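Here the structure is laid out as structure tokens; the discussion comes afterwards.
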Amino acid sequence: MKPTPAQTRRLRELYRSAGWPCLDTLELELLALGWLERLQDPDGRERLRLTEAGIQAAALGLQGNRARRDAHEDLVLRTATELQRAGRLVWTGLSLRAGLAREEETEPGRIEPTLIQPPSTAPLKKRWLLCQPDVYSLYPSSKPQGLAVAIHEIKVRRGDLLSDLRRTDKRAAYAALSGQTWFVLAAGIAEVQEIPEGFGVWIAHAAHFELGRPAPQRPHGIDHATFLALAKASPLPFDNSAAQPSLTDA
């Protein structure tokens, strides 16, 4: 039996800790499955320890986690390469700070379209959210309006997608940091209509991308904090050989 992500996390926590019991339902499941055993100290205190079966279950769960991470990273790189072929500069692994209107000033369900500079006489109150877009890209233009900043969020598992869709603040942060926001979905994990309006959709098949829905272009200007983050980081190098075969191959 393959452990769930929650079971894998608990097994790892108990493996590297003193093994003090939590006395919750998850612990009961692990005891019933035979993946944990109870031990008693000479002073009468009870501790938990992974059984041999528990160690094997934890290792199996870790292999599943690595496979999911590898699939995600593979799709991140495929998306980045596709954007580079279109002439864009691409960053991954950025940590960006988005300024959003405070919750009491935002209509329920509304997506903040972009950062707006408030009038000096009436400063807009903001809350700040740190987010890490999977793929951030722009065109190397000398004109601000020609940058066409875009964020592509990569999803290879339906559970991760549904979790993200429940986070309206995270979606608002993506919208505040880009002029276009896209979800790149592994084929089969969701339908296009499940993605909220205002976001574009790419469907990633084994050998190609399919446009599920175009993303609307919003007015956007790069704020100072994002500009500094880009200045400190380096865009991904582009391997031209991956995009164009040599003349001898042709």
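The values are calculated or read from the model by the stated rules, or taken from the named source; none is laboratory data. Computed from a predicted structure; not experimentally measured. Counting neighbours? That spans all protein chains shown, and the Cβs are built from the backbone with ideal geometry, glycine included.
Give me the strands (runs of 3 or more DSSP E) completely within segment 19-96, filtered to those with at least 2 residues that are closer than 30 Å to Y136 by Cα, ordered by residue number.
Result: 89-91.
Please tell me if E52 is closer than 21 Å to K2 by Cα, at pLDDT 90 or above and acidic (D, E).
Values: closer than 21 Å to K2 by Cα: yes; at pLDDT 90 or above: yes; acidic (D, E): yes.
Judged against the criteria, E52 is a match.
Could you check, for segment 63-84, whether at least one of its residues is under 18 Å from the mean Cα position of the chain (by Cα), within 30 Å of I151 (Cβ to Cβ), among the acidic types (D, E) and surrounded by 13 or more Cβ atoms within 10 Å (Cβ to Cβ)?
Looking for residues that are under 18 Å from the mean Cα position of the chain (by Cα), within 30 Å of I151 (Cβ to Cβ), among the acidic types (D, E) and surrounded by 13 or more Cβ atoms within 10 Å (Cβ to Cβ), one finds at least one in segment 63-84, hence yes.
Considering segment 130-176 alone, what residues qualify as being touching a residue at least 40 places away in the same chain (Cβ under 8 Å) and hydroxyl-bearing (S, T, Y)?
Y136, S137, Y139, T168, Y174
Quick one: which residue in E153, E197 is modelled with pLDDT of 95 or more and charged (D, E, K, R)? It would help to see each step written out before you state the result.
Numbers: E197 fails: modelled with pLDDT of 95 or more.
Of the residues listed, the single one that is modelled with pLDDT of 95 or more and charged (D, E, K, R) is E153.
Looking at (1) touching a His at 6+ places or on another chain (Cβ under 7 Å); (2) in the same structural domain as V135 (by TED's automatic domain parsing); (3) of a type outside the set (A, V, I, L, M, F, W, C), can you tell me which one G93 breaks?
(1)
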